[in-house]
Amino acid sequence: MDDPSSASNKRKRRRGRKAKASPPSPDRSSPSPAPAPVAAGRRGRKPRRHEAPADADAARPPSPPRRGEPKPVANGGDAVAVAVSEAAPASWDEVVRVVPCMDAVVKVFCVHTEPNFSLPWQRKRQYSSSSSGFIIGGRRVLTNAHSVEHYTQVKLKKRGSDTKYLATVLAIGTECDIALLTVSDDEFWEGVSPVEFGTLPALQDAVTVVGYPIGGDTISVTSGVVSRIEILSYVHGSTELLGLQIDAAINSGNSGGPAFNDRGKCVGIAFQSLKHEDAENIGYVIPTPVITHFIQDYEKSGEYTGFPILGIEWQKMENPDLRKSMGMKPDQKGVRVRRVEPTAPESGCLKPSDIILSFDGVDIANDGTVPFRHGERIGFSYLVSQKYTGEKALVKVLRDSKVHEFKIRLATHKRLVAAHVKGRPPSYYIVAGFVFAAVSVPYLRSEYGKDYEYDAPVKLLVKHLHAMAESPDEQLVVVSQVLVADINIGYEEIVNTQVLAFNGQPVKNLKNLVNMVENCKDEFLKFDLEYDQIVVLETKTAKAATQDILTTHCIPSAMSDDLKA
């Protein structure tokens, strides 16, 4: 293991060098430009007996072999017994040959250039990070999406090699936190066997996480068991998908590395860990069903289309009085529809207070769970996530004491406040020093830091957490800031306030606002803001002052490129 607090079972070493130039993100297992509200991990832990570095000179067998007996060398299923006596110790080359699955694990070097959402006409200073990845079939490499987020250059280095190869990013699955890479140089693929995938492991199955975490430059191996299988919150994707909880150490830099079972098959990708004062050694792995869904989605459509959702909010039906009032029979179980997303295909058939009894023939319990393997249950959103965007599913509902069946086409989620911009630069519009922008989670994080859920204005948070978009192109438009000039005297303190209407017309999105302002022939520009504020500017004077303000602040254009079309 490459934990900063341990290097081998015989000696303790000082804290290692960090894996990247900037401080690691506290919420994920590898550096990320966008911190999230997850705390830091435990420190100063001594190595456990079942944790060992992959490097041959640091590896220690659990117990010494008897004189003259073969010395076993573990390799997660591809193990080969090498006859080594005490008189003839194994050479470096012999040990490397018995761990071929390690050779498919690569180190990922990425240079990131994040957009600056507070000053959307420019980008932040670039920084570097390192993480892990592994080679799969088809000359491809898997890693985490947050490992290559906002990338400008990605390089890969194989184990035992001193060469870094330029990589091409084929697809980034933001929701599932997986990215697919490839390398055009044929030399990179020589002498490496791709990793094979195994089935979803069971509880207490042994897992081995391989990667390049902080604390050193060489490959590291940590071991543990599967301690939980359930629907998890994916921090980077702001979604909930199937995940594995393990007790093997996952540290910064481990992101994107494979988790092997005891037969040498990959059962997941390390991607985040739980850092809390009351929690110890809790790491999370993206399981093979999610990985397979991502790969097949890319192969089917040539791009990543996302994981579909059932566009509803639902309520548990565990209270017997509630079930009786909804006309449910004693043998009927299900969940109540609270709200339906107006932009979701389900809005055409599902209604509030419908009781969803089953999804694709699988009965849903009153607590929203469905059977999952022997003796286990899981949230029914797992069934939805197994589908692909555009596919149909049969939903059985109880409405007015009658059972109805609907064939619903599944689609991805359309949020009013987007969780990600998916690599696109932020949009902005400037007139008379007023900077207008569309609110997104990266924007809130840029303005209020990682604790934006506590520090942002209440009205913005309410819309972020509870508001639903009425149309696919609806956006939450705000006055981000006011670039002070003579034309906007008295308005300097307006910041992050929603724009409700312009000259009496509702503002649907930023593009809509730009069109109305640019084509305005009225004498005044009147903006109706949240909290009953208004901004009034003379049209000719405001538009004439805009160019001087742009020159003063070295801003190249009054609007982002996507708004010029």
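The values are calculated or read from the model by the stated rules, or taken from the named source; none is laboratory data. Since the structure is predicted, the reported quantities are computational estimates derived from the model, not experimental observations. When we count neighbours, we look across all protein chains shown, and the Cβ atoms used for this are built from the backbone with ideal geometry, even at glycine. We work out accessible area using only protein heavy atoms, side chains counted, and drop any ligands, DNA or RNA first. Shrake-Rupley method; radii C 1.70, N 1.55, O 1.52, S 1.80 Å.
The table for this structure:
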quantity: Accessible-area ranking of Cys176, Cys554, largest first, probe 1.4 Å; calculated: Cys554, Cys176
quantity: Inter-label distance, nm, simple model (7 Å from Cα along the C-beta direction), Asp522/Ser233; calculated: 4.3
quantity: Amide H contacts under 5 Å for Gln272, placed H, 5+ residues apart; calculated: Ser29, Tyr284
quantity: Given charges at beta-carbon only (K, R positive; D, E negative), |dipole| of the stretch 428-563 in Debye; calculated: 180
quantity: Distance in nm between pseudo-label sites at Arg373 and Leu322 (7 Å out along the Cβ direction from Cα); calculated: 2.9
quantity: Positive minus negative residues near Val183 (Lys, Arg vs Asp, Glu; Cβ under 14 Å); calculated: +3
quantity: Inter-part distance where the stretch 221-255 and the stretch 460-511 are each reduced to a Cα centre, Å; calculated: 38
quantity: Local net charge near Leu500, Cβ-Cβ under 9 Å (Lys/Arg +1, Asp/Glu -1); calculated: -2
quantity: Per-residue SASA entry for Arg409, accessible area with 1.4 Å probe, Å² rounded to 10; calculated: 120
quantity: Leading residue at positive end of dipole, the stretch 97-189 (Cβ point charges), from His150, Ile135, Val106; calculated: Val106
quantity: Selected from Cys176, Ala249, Thr199, residue furthest toward positive end of dipole (the stretch 165-255; charges at beta carbon); calculated: Ala249
quantity: At 1.567 mPa s and 4 °C, Stokes diffusion of the stretch 401-446 via Kirkwood alpha-carbon radius, µm² per second; calculated: 91
quantity: Derived scalar couplings ³J(HN,Hα) [the stretch 246-263; Karplus, 6.51 cos²θ - 1.76 cosθ + 1.60; whole Hz; x for Gly, Pro]; calculated: 10, 9, 7, 5, 10, 10, 4, x, 6, 3, x, x, x, 10, 9, 8, 6, 10
quantity: Interchain or long-range residues, amide H under 5 Å from Asp360's placed H; calculated: Leu394, Val395, Lys396
quantity: Kirkwood-Stokes translational diffusion coefficient of the stretch 312-410, alpha-carbon pairs, 37 °C, 0.692 mPa s, µm²/s; calculated: 239
quantity: Charge dipole magnitude, Cβ of K and R +1, D and E -1 - the stretch 196-301, Cα centre, debye nearest 20; calculated: 200
quantity: Proximal charge balance of Ala418 [Cβ under 13 Å; K/R count +1, D/E count -1]; calculated: +3
quantity: Cα gyration tensor category, rounded, prolate or oblate, for the stretch 196-301 with a/c compared to 1.5; calculated: rounded
quantity: Computed label-point distance, nm, for sites Glu493 and Glu196 using a 7 Å Cα→Cβ extension; calculated: 6.9
quantity: Computed FRET value (nearest 0.05) for Leu170 with Tyr388, which takes r as the C-beta separation and R₀ as 22 Å; calculated: 0.75
